[in-house]
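Working notes, structure below.
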Amino acid sequence: MKKIIISFMLLVFTGFAYGQLNNLVVDVSNSKAKIQPTMYGIFFEDINFAADGGLYAEMIKNRGFEFEEPMMGWLQPNSNRHSMNKNSGIASIIEEQSSTSNKNICRVTINNDTGYVLLNEGFRGMGIKKNALYNLSLQAVEQSGHIRKINFSFVNGDGKVLGKTSVIINGKDWKIYTAQLTATDTEAKARLKITFEGTGVIDLDMISLFPEDTWMGRKNGLRKDLVQLLYNLEPGFLRFPGGCIVEGRTLAKRYQWKKTVGPVEERTVLVNRWNTEFKHRLTPDYFQGFGLGFFEYFQLAEDLGAEPLPILSCGMACQFNTGELVPLDQLDPYVQDALDLIEFANGPIDSRWGKVRSDMGHPEPFNMKYIGIGNEQWGPEYIKRHKIFEKAIGEKYTDITIVATVGPFPDGEHFDYAMNELTKLNAEIVDEHYYRPPEWFRENSTRYDSYDRTGPKIFAGEYAAQSVGIASPDNKNNWECALSEAAFMTGLERNADLVVMTSYAPLFANADAWQWTPDLIWFNNLSSYGTANYYVQKMYSTHRGTDLLSISFEDGKPVTGQNGLYSSAVKDSDSGELFIKLINTSGKVQQVSIELKNQKVTDKADLLKLTSENLSEVNSFDNPKKISPIENQIEVENNHIKTAIDPYTFLILKIGLKQ
Ligand code: AHR
């Protein structure tokens, strides 16, 4: 990025003419605490079509015909009773009793050549890009007659063909057929059209279509643009698979990791708990196919250089729904799931679950260090269950850190009870959640300054400023929310001795199929963008440093919102740099003079600036980088930096340390 030298004199005649002067001091030589590499991470939940229809690049919805309505996502336009060719053919579902996970088969009967069509609508359509390659696969077996060939084509809303291929059917056994399509045009809402040549009966299953161009070129892998956005965050950890999705509305519908590993066709499809959770945002076609399962999450964490942090059910269904409880004397299978997961991630290849991992292509362990027990549980029943998990995991695996929950709210009766009990139990890390208005974030940057240092460490596991109200569909990822989060995060950083993990939530939203807003990253079938909140996270995460420093006013008071100014400072001992974060939430220019004490620094500083004059401003598909960092350079005179911070601005100063 082009760097511009802004002279001190220029600032004198512009910013310095207005606003308050803030004299700040940084003691560069005094490390107050180590910043954990896990400090800034990501929270993944399959909400808002984040997995199927999102990160997992499968383009066929209901590829295995296993949704509760097995033909959901599939259309037979010529088979309705008004159609001219209604007798051309028909598809029906056959249930195979031998399989519990992939029991449904689609049986297609072709009566004549008058044009039977089977269409898949994709996830709100299929995004195809001109000249890009797409890999098709399906399982098929002929039952009777002879269907010689199956044709596949991309079609747009007018039925125009945008790329085609076919497979020749041969043999009376189940076979996997593969082919490739090249898209002849770019289209956000394509569908896959399937036609048949010959007459007879044929069974189909696992009809699947992926772009060739996936993250790291993995066959049938993840959407490249979305993983790239995650990669650019340089996350310290990846929490998965949620969120409330872990708990399920009922225990039967909870997330069970063992059903998400092994061959994809053997993974058991489950309804997604967010499908009809919000009456105002119904998505009844929301299921979990688990192509993105626990192996893929661990692999993603590895790709991102992030610590994996799986969260498991503790035997309590979501307390906002049924709150169903497993009796304590029946908790064993849940505890065993946790123990087996550690073996799956870390165990030798001759162990039962280590072998499953190895057979999936990863003989080396994933080196998992953390496990979360329960998501947003509250009350005495959670504490009882936590004790049981803690004992069992602690006895077998002394090197695994358990993350406990203090419930869905950052204060109140449930929070106080859980924090108190978990402190007595010497819990290692507790997961706090706050979905609050932007002003809450501005007012709570001192939240952790007075926390008990002998209690558990803090994982700020889910947080996001809500512009309207929690779970309101009118919430926006606007600049006021992002800026307020930036201000609050100075408090996370200033307390890095206590706060060891933090993550914004939720992570992803499909613009055509979301349930919850705000979200860090928005995407549709063709493109994606980071919100202003994304760039706040990125600026912190990519300037996390290794050591916490103090930055204060001359009287020693930390910078926690005086004049709308917030600040924190860290140094990176590896790169020899100092990073100072400065946030001006006020509508006035703030003049800042910073004295850097006890270590010589370079005479230039890079300045990264995220700003908007308009607190309601948002990034969008049309203007994805409207609010994104701009880089400049300023002078450092004799270990002093003077700068003016525009209204509503988040700045990071990067300064080199001299030996
Ligand atoms: O992030 C959305 C939801 O908010 C999560 O699933 C849950 O943990 C929280 O209530």
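The values are calculated or read from the model by the stated rules, or taken from the named source; none is laboratory data. Please read these numbers as outputs of a predicted model, since none were measured by experiment. Heads up, the Cβs are rebuilt from the backbone with ideal geometry, glycines too, and the neighbour counts pull from every protein chain shown. What goes into the accessible areas is simple: the full protein's heavy atoms, side chains included, and nothing from ligands, DNA or RNA. Shrake-Rupley method; radii C 1.70, N 1.55, O 1.52, S 1.80 Å.
Evaluating A427 against the criteria (1) touching a helix residue (DSSP H, G or I) at 6+ places or on another chain (Cβ under 8 Å); (2) of a type outside the set (F, W, Y); (3) part of a loop (DSSP other than H, G, I, E, B); (4) within 24 Å of F278 (Cβ to Cβ) leaves one unmet condition, (4). Could you tell me whether any residue of segment 295-308 is open to solvent by 40 Å² or more (accessible area, probe 1.4 Å), closer than 19 Å to D431 by Cβ and of a type outside the set (F, W, Y)? So far as segment 295-308 goes, yes, one or more of its residues are open to solvent by 40 Å² or more (accessible area, probe 1.4 Å), closer than 19 Å to D431 by Cβ and of a type outside the set (F, W, Y). Scanning segment 363-397 for residues that are over 23 Å from D416 (Cα atoms), part of a helix (DSSP H, G or I), open to solvent by 10 Å² or more (accessible area, probe 1.4 Å) and touching a residue at least 40 places away in the same chain (Cβ under 8 Å) yields A392, K396.
Answer yes or no: is there a residue in segment 340-360 that is in contact (Cβ under 8 Å) with a residue 60 or more places away in the chain, within 16 Å of the ligand (Cβ to nearest atom) and either in a helix (DSSP H, G or I) or open to solvent by 50 Å² or more (accessible area, probe 1.4 Å) (or both). No, because not a single residue in segment 340-360 is in contact (Cβ under 8 Å) with a residue 60 or more places away in the chain, within 16 Å of the ligand (Cβ to nearest atom) and either in a helix (DSSP H, G or I) or open to solvent by 50 Å² or more (accessible area, probe 1.4 Å) (or both).
Tell me which residues, restricted to segment 425-468, are closer than 20 Å to G407 by Cα, of a type in the set (K, R) and either more than 24 Å from the chain's Cα centre (by Cα) or within 16 Å of the ligand (Cβ to nearest atom) (or both). Those that are closer than 20 Å to G407 by Cα, of a type in the set (K, R) and either more than 24 Å from the chain's Cα centre (by Cα) or within 16 Å of the ligand (Cβ to nearest atom) (or both): R436, R447.
Out of G248, G289, one residue alone is surrounded by 17 or more Cβ atoms within 10 Å (Cβ to Cβ), more than 15 Å from the ligand (Cβ to nearest atom) and modelled with pLDDT of 95 or more. It is G289.
Against the criterion of being open to solvent by 40 Å² or more (accessible area, probe 1.4 Å), touching a strand residue (DSSP E or B) at 6+ places or on another chain (Cβ under 9 Å) and in contact (Cβ under 8 Å) with a residue 12 or more places away in the chain, P437 qualifies. Restricted to segment 222-245, and to residues there that are within 14 Å of the ligand (Cβ to nearest atom) and part of a strand (DSSP E or B), the residue that is nearest to I42 (Cα to Cα) is R239. Report whether or not P333 is surrounded by fewer than 18 Cβ atoms within 10 Å (Cβ to Cβ) and at negative phi. Yes. For residues that are farther than 20 Å from L309 by Cβ and away from the ligand (no atom under 16 Å from the Cβ), scanning just segment 398-418, find the one that is surrounded by the most Cβ atoms within 10 Å (Cβ to Cβ). Of everything passing the filter in segment 398-418, Y417 is surrounded by the most Cβ atoms within 10 Å (Cβ to Cβ). Taken over segment 632-659, the criterion of being out of contact with any strand residue (DSSP E or B) (no Cβ under 7 Å at 6 or more places or on another chain) and not in a strand (DSSP E or B) is satisfied by N638, Q659. Restricting attention to segment 203-221 and to residues that are part of a helix (DSSP H, G or I) and of a type in the set (A, V, I, L, M, F, W, C), the residue that is nearest to the ligand (Cβ to nearest atom) turns out to be W215.
What do you reckon, is R223 among the basic types (K, R) and open to solvent by 70 Å² or more (accessible area, probe 1.4 Å)? No, not satisfied.
When you scan segment 258-265, do you find a residue that is open to solvent by 30 Å² or more (accessible area, probe 1.4 Å) and touching a Ser or Thr at 6+ places or on another chain (Cβ under 7 Å), even just one? Checking segment 258-265: at least one residue is open to solvent by 30 Å² or more (accessible area, probe 1.4 Å) and touching a Ser or Thr at 6+ places or on another chain (Cβ under 7 Å). Yes or no: segment 615-631 includes at least one residue that is under 21 Å from Y535 (Cα atoms), assigned to a strand (DSSP E or B) and at pLDDT 95 or above. Checked segment 615-631: at least one residue is under 21 Å from Y535 (Cα atoms), assigned to a strand (DSSP E or B) and at pLDDT 95 or above.
On the basis of being of a type in the set (A, V, I, L, M), open to solvent by 40 Å² or more (accessible area, probe 1.4 Å) and either assigned to a strand (DSSP E or B) or touching a Ser or Thr at 6+ places or on another chain (Cβ under 7 Å) (or both), does I176 make the cut? Considered against the rule, which asks whether it is of a type in the set (A, V, I, L, M), open to solvent by 40 Å² or more (accessible area, probe 1.4 Å) and either assigned to a strand (DSSP E or B) or touching a Ser or Thr at 6+ places or on another chain (Cβ under 7 Å) (or both), I176 comes out as yes. Here segment 571-589 is the region considered, the condition is being touching a residue at least 12 places away in the same chain (Cβ under 8 Å) and of a type in the set (S, T, N, Q), and the residue that is surrounded by the most Cβ atoms within 10 Å (Cβ to Cβ) is N584.
Applying the selection to segment 483-512, what residues are more than 21 Å from E439 (Cα to Cα) and either within 16 Å of the ligand (Cβ to nearest atom) or open to solvent by 10 Å² or more (accessible area, probe 1.4 Å) (or both)? Scanning segment 483-512 gives D497, V500, M501, L507, F508, A509, N510, A511, D512. Here the strands (runs of 3 or more DSSP E) wholly within segment 68-150 that include at least 2 residues being over 30 Å from D213 (Cα atoms) are 89-95, 104-110.
State all residues of segment 513-524 that are open to solvent by 10 Å² or more (accessible area, probe 1.4 Å) and assigned to a strand (DSSP E or B); if no residue qualifies, say none. Answer for segment 513-524, where residues must be open to solvent by 10 Å² or more (accessible area, probe 1.4 Å) and assigned to a strand (DSSP E or B): just W522. Looking across segment 554-570, the residues that are open to solvent by 30 Å² or more (accessible area, probe 1.4 Å), at negative phi and in contact (Cβ under 8 Å) with a residue 12 or more places away in the chain come down to E554, P558, T560, Q562.
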